[in-house]
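To keep things clear, I will list the structure first and then write my remarks on it.
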């Protein structure tokens, strides 16, 4: 009977253990980085939203759609984001990427519902 060398008795279990640890650490690091990225993005969007609120043309109503839409386009281009202004009934008053007059009512969207209830709404797509 042929003897198995000591290295071939020790190497496979350690290789499997090492690969398992590497996969686990990679998965954990990836999850942590993804979560951190989402938190950073939310924080940046909160700051941009506060800036937009201070600068948006008044009154924020259907009577001022043209000025609000121009503001959204300019602010969206400058900040490299999509900005949509919606009134309390869900009517889109301005959007940086689309024509607000052709957009559907946003009232049923989860972020709008949350904003109406809590003051701030978020939705990740």
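The values are calculated or read from the model by the stated rules, or taken from the named source; none is laboratory data. Owing to the predicted nature of the structure, the values given are computational and were not obtained by experimental measurement. So basically every Cβ, Gly included, is an ideal-geometry build from the backbone, and we count neighbours across all protein chains shown.
Results, tabulated for the structure shown:
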| item | result |
| --- | --- |
| Positions within region 47-73 being within 22 Å of residue 122 (Cβ to Cβ), out of contact with any helix residue (DSSP H, G or I) (no Cβ under 9 Å at 6 or more places or on another chain) and exposed (fewer than 12 other Cβ atoms within 10 Å of the Cβ), in sequence order | 47, 50, 53, 54 |
| Failed criterion for residue 57 (all others in (1) in a helix (DSSP H, G or I); (2) free of Cβ contacts under 8 Å to residues at least 40 places away in the same chain hold) | (1) |
| Residue identified as under 22 Å from the mean Cα position of the chain (by Cα) and not assigned by TED's automatic domain parsing to the domain that holds residue 121 among 38, 17 | 38 |
| Count - residues of region 74-120 that are surrounded by 10 or more Cβ atoms within 10 Å (Cβ to Cβ), assigned to a loop (DSSP other than H, G, I, E, B) and under 20 Å from the mean Cα position of the chain (by Cα) | 10 |
| Members of region 76-85 found to be in contact with a helix residue (DSSP H, G or I) (Cβ under 9 Å, 6 or more places away or on another chain) and either under 22 Å from residue 107 (Cα atoms) or free of Cβ contacts under 8 Å to residues at least 24 places away in the same chain (or both), listed by number | 81, 82, 83, 84, 85 |
| Condition met for residue 18 (surrounded by 10 or more Cβ atoms within 10 Å (Cβ to Cβ) and over 30 Å from residue 120 (Cβ atoms)) | yes |
| Where a residue in region 86-115 is free of Cβ contacts under 8 Å to residues at least 60 places away in the same chain and its partner, wherever it lies, is loosely packed, with under 14 Cβ neighbours inside 10 Å and in a strand (DSSP E or B), with Cβ under 7 Å and at least six apart | none |
